[in-house]
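Just below is one structure, and these are the notes that go with it.
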Amino acid sequence: MKLFCNATSPFARKVRVAMHEMGLSDRVEEVLTDPFAASPPPELLAANPLSRIPTLITDEGLALPDSKLILEWLQATQSNRLPVESARWAAARRATIAEGVIEAAVASVLEKRRPESIIMPAALDRQADAIERALDMLALESNALGDPAAVPSVANLTTGIALAYLDLRLPYLNWRQRAPSLIEWFDAFAARPSMLATEPPAAK
């Protein structure tokens, strides 16, 4: 398999951590890619015309152009799957909320990279408000996270990646002050071998 990714994308890291947890890391070639380059790699564009990462090319040549789609495919095709929570729809809702945190954080990062004269503070405030509301909800349901020493479900994996990305890119939001009930679980989750193996260079 071939995975187009980069070292800091939270969407790519979600897939990379999942593959480590599933014991698949030695079966995938990671191709570090800048999807925003003026001339993205032709192989990436052939697999994903949207020029986004992560994009996975399976051993059969099927191109999967989205992290959620990749995780769904892994869960459907691999024998060593991530655990499926018994409260399926509640878990799916938590995964969606955590995914929204990632999306809002990435949107904030991209906004802050615009020329200072055209950065929209209102847009940053809107994303920050969304992240804080989502953190409140995740904190209220922190008991559902369970044992951080256990192989994570998709919901728990997504939650952990979201919090790690806030640490990396938006530390000024201080999520630990907002959601202290998530701290102990996250600190243990962040120490998992899969997380350490995929730690962004900027965080080291």
Please go through region 26-52 and give me each residue that is within 21 Å of the chain's Cα centre (by Cα) and surrounded by 16 or more Cβ atoms within 10 Å (Cβ to Cβ), ordered by number.
Val28, Glu30, Val31, Thr33, Pro35, Leu44, Ala47, Asn48, Ser51, Arg52
For region 27-50, what are the residues that are free of Cβ contacts under 8 Å to residues at least 40 places away in the same chain, part of a loop (DSSP other than H, G, I, E, B) and in contact with a Ser or Thr (Cβ under 9 Å, 6 or more places away or on another chain)?
Thr33, Pro35, Phe36, Ala37, Pro40, Pro41
Could you list, in sequence order, all residues of region 1-26 that are at negative phi, assigned to a loop (DSSP other than H, G, I, E, B), modelled with pLDDT of 95 or more and small (Gly, Ala, Ser)?
Ser9
The number of residues in region 192-203 that are in contact (Cβ under 8 Å) with a residue 12 or more places away in the chain and either in a helix (DSSP H, G or I) or of a type in the set (A, V, I, L, M) (or both) is 7
Selected residue [free of Cβ contacts under 8 Å to residues at least 60 places away in the same chain, over 30 Å from Ala179 (Cα atoms) and surrounded by 19 or more Cβ atoms within 10 Å (Cβ to Cβ)] from Thr55, Thr77:
Thr55
Restricting attention to region 87-108, does a residue exist that is closer than 19 Å to Leu3 by Cβ and exposed (fewer than 13 other Cβ atoms within 10 Å of the Cβ)?
no
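The values are calculated or read from the model by the stated rules, or taken from the named source; none is laboratory data. Remember, it's a predicted structure, so these values are computed and weren't measured experimentally. A quick note on method: Cβ atoms are made from the backbone with ideal geometry, for glycine too, and the neighbour counts reach across all protein chains shown.
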